[in-house]
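A short write-up of the structure that comes next.
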Amino acid sequence: MRESPLDIVDQEYRAGFTTDVEADTLPPGLDEGVVRYISEKKREPRWMVDWRLAAYRIWRGMAQPDWAHVHFPPIDFEAISYYSAPKSLQDGPKSLDEVDPELLRTYEKLGIPLHEQGALAGVAKAGNVAVDAVFDSVSIATTFKDKLKEAGVIFCPISEAVQEHPDLVQKYLGSVVPQRDNFYAALNCAVFSDGSFVYVPKGVRCPMELSTYFRINERNTGQFERTLIVADAGAYVSYLEGCTAPMRDENQLHAAVVELVALDDAEIKYSTVQNWYPGDQDGKGGIYNFVTKRGACLGRASKISWTQVETGSAITWKYPSVVLRGAGSVGEFYSVAMTNNRQQADTGTKMVHLGPDTRSTIISKGISAGRSQNSYRGLVRTSPAARGARNYTRCDSLLLGDTCGAHTFPYIENKSPSATVEHEATTSKVSDDQLFLCQQRGIDPEKAISMIVNGFCKDVFRELPMEFAVEAGKLLEVSLEGAVG
Amino acid sequence: MSLLQVDDLHAGVDGQAILKGLTLRMDAGEVHALMGPNGSGKSTLANVLAGRPGYEVTSGRLSFKGRPLDQEAPEVRAQAGLFMAFQYPVEIPGVSNMEFLKAAQDSHRKANGLGPESPVAFMQRVRTLTEGLALNPEFLKRGVNEGFSGGEKKRNEILQMLLLEPTLAVLDETDSGLDIDAMQTVASGVNRFRSANNGVLLITHYQRLLNHVVPDFVHVLADGRIVESGGKELAHALEERGYAWLTA
């Protein structure tokens, strides 16, 4: 009998443990009282609570989007708890010394040491990454704050920014993703609990990589973080985001909003390695990752680049986008989305060309294994004012086995006669012949698949900061475990 | 102990019987040529030896350096020193040739309890081999066989053979589709490889290659069995008279 080289066996999710800390968790359910409660917990000013309540009312009048190529039972928004914080953090941590050692151990175990001499997992040498760690609804620690302050860079929990830098927050919050943008974004605006705020002042090149690490721990809670990054004229910042959650039988909702703003000649590089718990082999449990990420290239010759490596989540619904308003601004989207078992991903990007001579590049690599469904959905739009705009899209799908699916949904709306829009797409399979060639050279099938998949993703991994590229390669290997029998 | 021993082998692919009682014995230090008309089962033998999925042994015995092969995974056979040069090498886009060669060599060394060779030594060895086969060093950076010409693909197979130093090399129609220069390059690669410690099984349709790589034995395969064996002069007889007189 011919053995299929692509049978699925057990795979292990290495970040699936839980942390035993006493938590202050709101009972499930959502009404204005909950919104006010969250706002009070954060001691927010009046304008903030009003903004949240406006969003809440908008959200009440909206319906969940149903156009994505994903299937799941309706979410009961009354069964979710909208706020959870470890008890020890009720008054907010003043410094690392005050953080519950149990929490520090959690991050240690995940390879995210929160000591300032430390760095990201397996990157002891780099030592140059500032981390904001968000545990359920609160930020528990932000490292290297002082060093960043010297350079004039603000990197802090967004709840702190609301207190300390209200002018900046008020100016930019919701400016890229407004309250009524979409169902999940409106929900996030109402109940967002924490997240990171970054401001890089004029002409400053941020001296280190900034990173936020999101961890869902509590049962039945959703995580609704909000990230806002502003790069003033001529500034540069590279930002990394990582995420994990314990293995739980029920689905958990993660509905984040990320807004990026780049002024004249500014550049923001945003990299995500997303490793939320994907559910088990039969599709039980896992995170619903319904995220709105958008950047606005407001200034001329500004640049925003999204790089994402997505291996987790039961369901992914995510389209990191760039609105290219400034003349000659540049948007980039580099993505690897890997799905295995019963995972479903509908992910891609939107490049909206408003200004003249704007350019965008989209490189998307989808890998499907098991019984998963992996869709690329991308919009390229050019307005009449976007004279000479250019887009290049390349969209490749790789199939492992014959029980998975890959789909491509490109949308092109070109209203600028002088614009150039190119789209290329391929679908390929790891063939038995390729595997056999590797085996005949002594390479076992597991290693061969990982090599082939890594080769397939090379164009995207090249865009990741070095230390993250190594992590991404390893992560892919873990996600592929069991994709070969 | 023979390098390769095949006794009364019956095998096929997808339920179709192709080899019908093939017997062959090879010792170290020998080059055997296996010739025969299309469809006689030459490539099937190569694939059965290498353990390609889909190829099934229905009866008979197959042993390599005294160990039975039937149950072994293809990579285990390869690590034990059994190499097959492909008639149609496939492309692996995105995986650089260098990376592929390194992974292949590392796996062979690991199976023999050795760690990876130092990158510098490895690189130098590969460069030297590349030059010897008249391949542009740039090709090491390209994807495995990606956009290679037919001749480059075949020379790449020989490069892998020289790098991995197998004890038995089965070359499945490596000469097909080569121009005369490429054939001479391939032949000199094989001649450099052959030694008292290894064996080569040359599967070929034409006598042409055998002018450059002189075999110790020539076998004629027809309808799944070896119908004639002899020295190198048998190849010349085939060149003049064709296969019909043997298969009639």
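Note on region A:422-462: among residues that are β-branched (Val, Ile, Thr), buried (at least 20 other Cβ atoms within 10 Å of the Cβ) and not in a helix (DSSP H, G or I), the one that is modelled with the lowest pLDDT is A:VAL430. Filter region A:251-277 down to the residues that are part of a loop (DSSP other than H, G, I, E, B), touching a Phe, Trp or Tyr at 6+ places or on another chain (Cβ under 7 Å) and more than 29 Å from A:VAL330 (Cβ to Cβ) and list them by number. Hit for region A:251-277 is A:TYR277, nothing else. Residue count for region A:251-268 under the criterion of being without any contact (Cβ under 8 Å) to a residue 60 or more places away in the chain and closer than 17 Å to A:THR307 by Cα: the result is 2.
Only one residue in A:GLY455, A:GLY473, A:GLY370, A:GLY442 is facing chain B (nearest Cβ under 10 Å) and either among the basic types (Lys, Arg) or within 26 Å of the chain's Cα centre (by Cα) (or both). Which one?
On the way: A:GLY473 fails: facing chain B (nearest Cβ under 10 Å); A:GLY370 fails: facing chain B (nearest Cβ under 10 Å); A:GLY442 fails: either among the basic types (Lys, Arg) or within 26 Å of the chain's Cα centre (by Cα) (or both).
None of the others qualify; the one that does is A:GLY455.
Exactly one residue out of B:GLU228, B:GLU152, B:GLU146, B:GLU239 is assigned to a loop (DSSP other than H, G, I, E, B), touching a residue at least 12 places away in the same chain (Cβ under 8 Å) and of a type in the set (Asp, Glu): that is B:GLU146.
Considered as a group, the residues in region B:124-143 that are assigned to a helix (DSSP H, G or I) and in contact (Cβ under 8 Å) with a residue 24 or more places away in the chain include one that is surrounded by the most Cβ atoms within 10 Å (Cβ to Cβ), and that residue is B:THR130.
Checking each residue in region A:394-404 for being under 12 Å from A:SER375 (Cβ atoms) and in contact with a His (Cβ under 9 Å, 6 or more places away or on another chain) picks out A:CYS395, A:SER397.
Can you tell me which residue in region B:131-164 is nearest to the other protein chains (Cβ to nearest Cβ), limited to those that are under 12 Å from the mean Cα position of the chain (by Cα) and either more than 30 Å from B:ARG67 (Cβ to Cβ) or of a type in the set (D, E, K, R) (or both)? If we take residues in region B:131-164 being under 12 Å from the mean Cα position of the chain (by Cα) and either more than 30 Å from B:ARG67 (Cβ to Cβ) or of a type in the set (D, E, K, R) (or both), then B:GLU157 is nearest to the other protein chains (Cβ to nearest Cβ). No other residue among A:ARG394, A:ARG381 is modelled with pLDDT of 95 or more, surrounded by fewer than 24 Cβ atoms within 10 Å (Cβ to Cβ) and either more than 19 Å from the chain's Cα centre (by Cα) or farther than 20 Å from A:GLU463 by Cα (or both) apart from A:ARG381. Within region B:104-123, the residues that satisfy the criterion of being buried (at least 19 other Cβ atoms within 10 Å of the Cβ) and not polar (S, T, N, Q) are B:ALA104, B:HIS108. Pull up region A:222-280, narrow it to residues that are modelled with pLDDT of 90 or more and β-branched (Val, Ile, Thr), then point me to the one that is nearest to A:TRP59 (Cα to Cα). Only one residue fits best here, namely A:VAL257. For region A:421-439, the candidate set comprises residues that are more than 8 Å from every other protein chain (Cβ to nearest Cβ) and in contact (Cβ under 8 Å) with a residue 60 or more places away in the chain; within that set, the residue that is nearest to the chain's Cα centre (by Cα) is A:VAL430. Strands (runs of 3 or more DSSP E) fully within region B:7-99 that include at least 2 residues being crowded, with 16+ Cβ neighbours inside 10 Å, more than 11 Å from chain A (Cβ to nearest Cβ) and touching a residue at least 12 places away in the same chain (Cβ under 8 Å): B:16-26, B:31-35, B:55-64.
The values are calculated or read from the model by the stated rules, or taken from the named source; none is laboratory data. Small disclaimer: the values here were computed from a predicted structure and weren't measured. Positions of Cβ are backbone-derived with ideal geometry, glycine not excepted, and every protein chain shown enters the neighbour counts.
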